[in-house]
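A.B. asks: I have a structure I would like to understand better, so I am pasting it below and will then ask my questions one at a time.
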Amino acid sequence: MFNASTTSIAKAMPPRKRSLADRILGETALARRESATFYAMISPWLIGFIVFTIGPMIFSLYISFFDWPLRKPPTFVGIANYARFPSDHVWIKALEVTARYTLSAVPLGLVVAFFLALLLNQKIPGMPLFRTIFYLPSLVPATANAILWLFVLNAQIGIINTFLRYIGITGPAWLGSSTWALRGLVIMSLWGVGGSMVIFLAGLQGIPEYLYEAAKIDGANQLRQFLHITIPMMTPVIFFNLVMGIIGTFQTFNQAYIMTEGGPGRATYFYVYYLYRNSFDYYRMGYGCAMAWFLFALVLVLTLANFSLSKRWVFYESGGE
């Protein structure tokens, strides 16, 4: 009878807890399985990133210290490719053209995109349709976009000059003029502000309504609400679009390659276009790689400078600046 009671009590007791070592080993094995599953899932992207991004970047840095005419084996020249920049007048011209384009296209694009976002943020019927219409041009492929604007900026049959003739103004030659070619490409850049516009629109819709309600109670009109609520609350979005705009304009290539070939008079001779010509037209791959790494360093410095200056004007709702 004693044995039967002991057995029943033992069955009623909870199972013995695993030791600390057993739990640690079990958790470690589980973590390893989860890690293995994670890396197996991302392996296609990871392999592609290493093979098609990191690998070529490392190789281009290596080749930038060589003179490689493609048809012959590379010859080590040290930093000669980098030291050549100050004496290359075309390089200086390409950097100047790209800087001028950036200083014109980025601020203008920010203003236009912000203005469109303000218009499309109104609560009126059919607004989703208008948002789609203004966003669609940013989805047009770069080549198709360039071909379209070849007709738009045509001096004889282009839409812009045709409209100007209707109001009694003789339009410029645009892409055929060294004075107007770069300005025409700046105007063309406004065609693709839909991406920035959508980001601005999302930022506007994220501003708390109670801020505007409190301002109205205090007697602030719409202009004061815009200056003291909308603009400060949108500064993080403005900063993001500013940084992305600078990075994008310094990589401008398709317009020069398809539309102008850098002309007339190298008025649209963008930096990346000259980089491409050195690498694949002039067979100076080492010099082209050195140009690419200089561009990388320049964009990195500009980005870091923007982040440093952003502390003075970018407002975050959490209270930090």
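A.B. asks: For n ≥ 4 DSSP H runs only, could you compute -39500 (n - 2.57) per run for the chain, divide by its residues and tell me the 222 nm figure to the nearest 500?
C.D. replies: Per the formula, -20000 deg cm²/dmol.
A.B. asks: For log10 I(q)/I(0) by the Debye sum over Cα atoms at q = 0.07, 0.14, 0.16 Å⁻¹, which listed value, (1) -0.48, -1.23, -1.35; (2) -0.27, -1.08, -1.42; (3) -0.44, -1.19, -1.31, comes from the coordinates shown?
C.D. replies: The value computed from this structure is option (1).
A.B. asks: Using amide H atoms built 1.01 Å from N in the peptide plane, name the residues 5+ places from F66, or on other chains, whose amide H lies under 5 Å from its own.
C.D. replies: Close amide H contacts, sequence-distant or interchain: V77.
A.B. asks: With r defined as the distance between the Cβ atoms of I50 and I157 and R0 fixed at 45 Å, what FRET efficiency is calculated, to the nearest 0.05?
C.D. replies: According to the calculation, E is roughly 0.35.
A.B. asks: Report relative contact order for region 58-170 in percent, whole number only (criteria: Cα-Cα under 8 Å, sequence separation at least 6).
C.D. replies: 8
A.B. asks: Determine, from the Cβ-Cβ distance of Q222 and M244 and an R0 of 51 Å, the FRET efficiency 1/(1 + (r/R0)^6), rounded to the nearest 0.05.
C.D. replies: Result of the calculation: an efficiency of 0.95.
A.B. asks: Next question, about the same structure. Using Cα pairs under 8 angstrom and six or more residues apart, how large is the relative contact order of the chain, in percent?
C.D. replies: 25
A.B. asks: Points 7 angstrom from Cα along the Cβ direction at D281 and A142: gap in nanometres?
C.D. replies: About 1.6 nm, to one decimal.
A.B. asks: Sticking with this one: Could the peptides 81-94, 42-55 be put in order, highest first, of the mean number of other beta-carbon atoms found within 10 Å of their residues?
C.D. replies: By packing density, highest mean first, the sequence is 81-94, 42-55.
A.B. asks: Any idea what diffusion coefficient region 24-117 gets from Stokes-Einstein, in µm²/s, Kirkwood Rh on alpha carbon pairs, 25 °C, 0.890 mPa s?
C.D. replies: 130
A.B. asks: Per the Kirkwood definition applied to all pairs of different Cα atoms, how many angstroms is the hydrodynamic radius of region 36-83?
C.D. replies: After inverting the mean inverse Cα-Cα distance, the result is 12.8 Å.
A.B. asks: About the Cα centre, and with charges only on the beta carbon of Lys, Arg (+1) and Asp, Glu (-1), how big is the dipole of the chain? Nearest 20 debye, please.
C.D. replies: Around 580 debye, computed over the chain.
A.B. asks: Okay, moving on. Could you sort 176-186, 127-137 so that the peptide with the highest average Cβ count within 10 Å comes first and the rest follow in order?
C.D. replies: 176-186, 127-137
A.B. asks: Considering the zone a paramagnetic label at F85 would reach in this model (a point 7 Å from Cα along the Cα-to-Cβ line), which residues of region 297-315 have amide N under 20 Å from it?
C.D. replies: 297-307
A.B. asks: Full-extension gain between K72 and R165, please, as 0.36 nm times their residue separation minus the C-alpha to C-alpha distance.
C.D. replies: 28.0 nm
A.B. asks: Where q = 0.11, 0.12, 0.24, 0.25 Å⁻¹, what log10 of I(q)/I(0) comes from the Debye formula for region 222-314, counting one point per Cα?
C.D. replies: Normalising to I(0) and taking log10 leaves -0.48, -0.55, -1.15, -1.19.
Read the figures in this text as sums done on the coordinates, not as results from a lab. Since the structure is predicted, the reported quantities are computational estimates derived from the model, not experimental observations. Don't worry about glycine lacking a Cβ; one is built from the backbone with ideal geometry, like all the others, and counts go over all protein chains shown.
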